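Report on one structure; see the data block that follows.
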Amino acid sequence: MGVAVKEMTLEERKAFIQAVADEVAQGKLTLGGAVKRLRENVLGLNQEKFAMACKISKRALSQLEVDGGNPTLSTLEAVFKKFGLKISLTHLSPIDLNASIAQKSKSGFGTPTVAPARPPFNAPSKPFF
């Protein structure tokens, strides 16, 4: 049984998905809330069908939607990929690397150094997906 969903044009769907992503980025919406909103409003699927489509358990999806449990990165990627989204890192605010280094030095951690842990990785000439 699916959730009743208003028919949206492709442009409306894209705008809705972007609005949800923006709310998450601004801290106004949790990842779980975003998943539930997208699942219900964009796809109109119940948890069982959407979980099957993402190849995750219904329990994992249910926990994710209520911000419970500890979802793996692969679970998050599987869910958000259905909406053309991916998990990424972003700065909470602009950073000043010089201030960050000075703060670490004053806190007793010493001067941070950066050195390669192993020889540089040579990227494959062809994508592997």
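Quick look at the values:
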| read-out | value |
| --- | --- |
| Search result, residues across the range 61-80 that are surrounded by fewer than 19 Cβ atoms within 10 Å (Cβ to Cβ) and either under 17 Å from R37 (Cα atoms) or touching a residue at least 24 places away in the same chain (Cβ under 8 Å) (or both) | S62, Q63, V66, D67, G68, L76, E77, A78 |
| Number of positions in the range 73-84 that are under 24 Å from L10 (Cα atoms) and part of a helix (DSSP H, G or I) | 6 |
| Residue that is of a type outside the set (D, E), within 24 Å of L89 (Cα to Cα) and in contact with a Lys or Arg (Cβ under 8 Å, 6 or more places away or on another chain), where the choices are L45, L29, L73 | L29 |
| Qualifying residue in the range 28-49 (condition: of a type in the set (A, V, I, L, M, F, W, C), at pLDDT 90 or above, surrounded by 10 or more Cβ atoms within 10 Å (Cβ to Cβ) and in contact with a Pro (Cβ under 6 Å, 6 or more places away or on another chain)) | no |
| Condition met for G69 (touching a helix residue (DSSP H, G or I) at 6+ places or on another chain (Cβ under 6 Å), small (G, A, S) and at positive phi) | yes |
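The values are calculated or read from the model by the stated rules, or taken from the named source; none is laboratory data. Small disclaimer: the values here were computed from a predicted structure and weren't measured. Glycine also receives a Cβ, built like all others from the backbone with ideal geometry; neighbour counts cover every protein chain displayed.
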